[in-house]
Every structure is written in structure tokens, then in C-alpha cells.
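Visitor: Sharing a structure here in C-alpha cells format.
The values are calculated or read from the model by the stated rules, or taken from the named source; none is laboratory data. Note that the structure is a prediction, hence the values are computed from the model and not measured. Positions of Cβ are backbone-derived with ideal geometry, glycine not excepted, and every protein chain shown enters the neighbour counts. Just so you know, the surface numbers come from the protein's heavy atoms only, side chains and all, with ligands and any DNA or RNA stripped out. Shrake-Rupley method; radii C 1.70, N 1.55, O 1.52, S 1.80 Å.
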Amino acid sequence: MFSTLCQTVKEDQSTLLLYLLLHRNQQFRVYVLARADIEELIVPILKVLYQAQDHSSHHIYMALIILLILSEDDFFNKVVHEIMLKNVTWYADRALSSLSLGGLLVLVVIRTIQFNMTRMRDKYLHTNCLAALANMSGQFRHIHCYVAQRLVSLFESLAKRHLRSIEQLQATTDSSNMEDEHQTADLMQDLAVLEEVLRMVLEIVNSCLCSQLVHNPNLVYTLLYKRECFEQFRNHPTFQDIIQNIETVLTYFSSRLESADKDLSVTEVSQIIQQGASQWSGDRLKKFPDLKFKYVEEDQPEEFFIPYVWSLIHASSTLYWNDSNVRLFGLSKTDPI
């Protein structure tokens, strides 16, 4: 069954079956997590997410929830960074000759968040993406420089949107027009959601720095390079506690770079960061609770699954369906099941 699912998980039906098995069958979940070749299952799922425009929103949700369920396991979060992949040809954003499975997972989930920001703007999808990254963040190890860049770039793009939203909000609050008042309410709601996402991204970065700083010089390098994008949140009440931790790390490494007292090459900067990381003490940072999220099925899952299952039956069965006569009725609470 595992081999068949690996070969067919690009199809909705197999992804739905895999979700059901992982969510409802603990023995199967344990078996999957113990596989030495788990990349055979994860890589096709990541390809589905990468090619989101070619798949239904239901399929994307299922793929993300599968990743979230797997990310609840600490062993999974550790081992994905030990499995190296060669020439993932379908990942076209940048040519990467060698990358860990964990690095690819982070890249694709970040790309899904950015795709959602520009196309779907679905808060539920954001939540699942960030929850999976948060679960993994304490085990990020040896992340590729490009992965570090994409993670910090995600925060940078969100920060720019946050600034634009505040400017729009200030412009509309100066007006007494009724239409502008409705727009103000919408902007305030969007700003609140955006700040939740920003906070979560900062918590993911902070979790990695607290737990795995010595193993992630590329992330430290990227944070130093993009230091200015964190400055606007230094005194923001929603973010300042986490920003303080990040600033502590950046100040420590900046002082080491400045003490070199010369123009440094990229290689020299990396060497100083690695030396500094080996002498770093995590006691300098404020402790936060571990980021742990668990998938919980919605109170009325049938509202999602019944239309989805019937749509798959309609699309995949060999039966003839007259589309004009197809009707789907909701379950009545009084109807026997």
C-alpha cells in the first residue's frame, strides 16, 4: 500500500486515502514515520503543492494537512534534514543540485504561503502552512542558504504589506465617508490577520535560533544581511519580545564581524559566523514555549468531505452523469445516518 500511495499520491483519491489512514490509523502512521525511504512519499506531495495551480483547493488542503500530521512527530522533523536529494527537476524557482528533504519541504511550504497571499488569501491554508513550519522549526538543521533567504524574504514581504496596510488604514480613518468606514473595518481585520502571520514567522525564526543556532550559520548570515527589515517592529507591542531575541543574536555576531576591522569576503563572514556559533550560549535568549501544533478535524468535517468525495466520484467513476441533474443535499440533523 505504501508503494502504491507513493506512486499515485499526485491524484486526489490517493491523497484523500493517505490522509484518512494517517489521521485515523495510528499503526499506519507509525509505519510510515519509520520508513527509511519516506522521501518517496513526501517529494510527490511537495510536487502537488508546488504545482498548486494545476490542482483543486481540496487537494492542496489534503496535502498540507498530511504534512501537518507528519510534522507532529519529532523524529520526522529531524530525519527530513538528514535525507539529501539530488536534482529535483520539477523545482524550477532555482537550480539546486543538492538539498535536504527538510529544506525542500520548507521551500515549498513558504512558496504555498506566498501563492495563497497573492491568489487565494485563505486564512485556513495559511494556518496549516505555518503550523507545519512551526512544528519543524526546532529541528531545522544545516538549512541551505537559499532556504534561509526564502524564509527571511517571506518575513520581509509580509513586513512590506504590513506597512502598506497601516498607511491605507491611516488614509481611510481621516475620512467620514460611510463607504470608507466599511473599508476601515476590512483593513483592520486584514491587519490583525497579517500581524498574526508575522508573529508566527518570527516565532519560527526564533525557535530555530533558540534550538539550532549552532547548526544554521546560513540563517544567521541572512538575518544579518536583512537586519533592517526587523527594525520597524522593534518597539511594536505585538513583536518586541521576539524581536529582542533576534536582536540579541544579531548584535552578538555583528560585534564579532566588526572586531575583524577589515573588509570581509563572503567566505570570511561565514567563517566568523561559524566560529561565533560554536561559542554561543543559548542562555542569552528569552525562553518561549515550544511551538507544537496538532491537527484537529473541524467540528463538522462532513461539510468539507461530502462535496469533495462526491466530486471525485463524479469525475473518476465510469458511470454516466447528467451534470444538469446533479444535486448535492446537506445532511439534516434529524435524518438517520
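Visitor: Any idea which residue in segment 219-258 is most open to solvent (accessible area, probe 1.4 Å), counting only those that are outside any helix (DSSP H, G or I) and farther than 10 Å from L202 by Cβ?
Guide: Once the filter is applied, the top-ranked residue is N235.
Visitor: Would you check if F155 is aromatic (F, W, Y), outside any loop (DSSP other than H, G, I, E, B) and within 20 Å of T15 (Cβ to Cβ)?
Guide: no
Visitor: With respect to D186, is the statement that it is part of a helix (DSSP H, G or I), open to solvent by 80 Å² or more (accessible area, probe 1.4 Å), of a type in the set (D, E) and within 24 Å of R141 (Cβ to Cβ) true?
Guide: Against the criterion (part of a helix (DSSP H, G or I), open to solvent by 80 Å² or more (accessible area, probe 1.4 Å), of a type in the set (D, E) and within 24 Å of R141 (Cβ to Cβ)), D186 does not qualify.
Visitor: Sticking with this structure for a sec: Suppose we filter segment 267-320 for residues that are aromatic (F, W, Y), part of a helix (DSSP H, G or I) and either more than 30 Å from H55 (Cβ to Cβ) or open to solvent by 50 Å² or more (accessible area, probe 1.4 Å) (or both); how many remain?
Guide: Total satisfying the criteria: 2.
Visitor: Here's a follow-up. Under the condition of being of a type in the set (V, I, T) and surrounded by fewer than 16 Cβ atoms within 10 Å (Cβ to Cβ), which residue from segment 89-148 is modelled with the highest pLDDT?
Guide: T89
Residues are listed down the side, and each one gets a yes or a no for (1) under 16 Å from V106 (Cα atoms); (2) free of Cβ contacts under 8 Å to residues at least 24 places away in the same chain; (3) in contact with a Phe, Trp or Tyr (Cβ under 9 Å, 6 or more places away or on another chain):
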residue	(1), (2), (3)
L125	yes, no, yes
A132	yes, no, yes
L154	yes, no, no
S165	no, no, no
Q183	no, yes, no
L194	no, no, no
L198	no, no, yes
L219	yes, no, yes
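Visitor: I've got another one for you. I'm checking my understanding of the structure. Among residues of segment 149-179 that are among the hydroxyl-bearing types (S, T, Y) and modelled with pLDDT under 90, which one is nearest to I204 (Cα to Cα)? Before the answer, list the steps.
Guide: Residues of segment 149-179 that are among the hydroxyl-bearing types (S, T, Y), as a first pass: 153, 157, 165, 172-173, 175-176.
The next check asks that each one be modelled with pLDDT under 90; those that pass are 165, 172-173, 175-176.
Values: S165: 23, T172: 33, T173: 33, S175: 38, S176: 40 Å.
Going through the qualifying residues, I end up with S165.
Visitor: Would it be correct to say that E82 is in a loop (DSSP other than H, G, I, E, B), among the acidic types (D, E), on the phi < 0 side of the Ramachandran plot and without any contact (Cβ under 8 Å) to a residue 60 or more places away in the chain?
Guide: Taking the combined requirement at face value, the residue satisfies it.
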